[in-house]
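Working notes, beginning with the structure itself.
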Amino acid sequence: MQPFILPEDTVLDIGCGVMTPTDGLVCKSILGVDKFERYLHEVKAKHPTIMLDVNNLDVFVDDSYDVVIALDVIEHLEKDDAIKLLANIKRIARKQAFIFTPKEFHTNEENTKNVWDMGDNELQRHRCLITKPELAVEGFARVKTACYPDMVLARWENV
């Protein structure tokens, strides 16, 4: 994402988790948002964080961040909530937004147990699939990447 994100950009990382993709990112500021307190405890040493459910993003005003990212997030929501999240992301992003999600739906119940050695986390359960055509309807275009062939990286640009 670094070629897209500029040093003067502000970034909102929704569902920041502990494996934050913002490590090493050069930007003006980053705010991490997650609902799982143990993740936030780990990430807060890297940048500011707040505990917030992705269904409560109305606390952010329109166009409040240059870039909004939600990597490995939407598949953990019910489909209606995932679509609402996409709308909120576009509302909050002043310039652009990025979504990273699986190409195919896979159950991952085993991945909810003792996640990252931080205890059980039902928030990690996969609940839906947002397809590339559905992302396109929402204005997100696929970004080519060879690094993760089973995933989709999609970008929305505020034009």
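Observations, loosely collected:
- For K95, a cut-off of 17 angstrom between C-alpha atoms picks up these lysines, skipping any fewer than 8 places away in its own chain: K28.
- Taking 0.36 nm per residue of sequence separation and removing the Cα-Cα distance, the A136/K46 pair yields an extension gain of 29.1 nm.
- Distance from the stretch 70-125 to the stretch 18-55 (C-alpha centre basis), Å: 14 Å
- Listed residue pairs exceeding 18 Å between alpha carbons, taken from K79/K132; K35/K90; K84/K132; K103/K144; K103/K132: K35/K90
- Structural size metrics of the stretch 72-159, computed from C-alpha coordinates, are Rg and Dmax of 13.7, 42 Å.
- Within the chain, all pairs of alpha-carbon atoms sorted by distance into 5 Å bins from zero give the percentages 2, 9, 19, 23, 23, 16, 7, 1, 0.
- Extension gain, T107-K144: 0.36 nm per intervening residue step, less the Cα-Cα distance, totals 10.8 nm.
- Computed label-point distance, nm, for sites D63 and K28 using a 7 Å Cα→Cβ extension: 1.3 nm
- Highest-first packing order for the peptide set 22-29, 67-74 is 67-74, 22-29, based on the mean count of other beta carbon atoms within 10 Å.
- Projected area averaged over orientations for the stretch 1-76, convex hull of C-alpha atoms, nm²: 5.0 nm²
- Counted charge near V33, where neighbours are those whose Cβ lies closer than 11 Å (Asp, Glu -1; Lys, Arg +1): -2
- Protection proxy ranking of 57-65, 31-39, 92-100 - average other beta-carbon atoms within 10 Å, highest first: 92-100, 31-39, 57-65
- Unit charges on C-beta of K, R, D, E only; dipole of the stretch 10-157, Debye: 540 debye
Throughout, read-outs are computed from the coordinates displayed, never taken from laboratory work. None of the values given here were measured: they were computed from a predicted structure. Cβ coordinates were reconstructed from backbone atoms using ideal geometry, including for glycine residues, and neighbour counts include every protein chain displayed.
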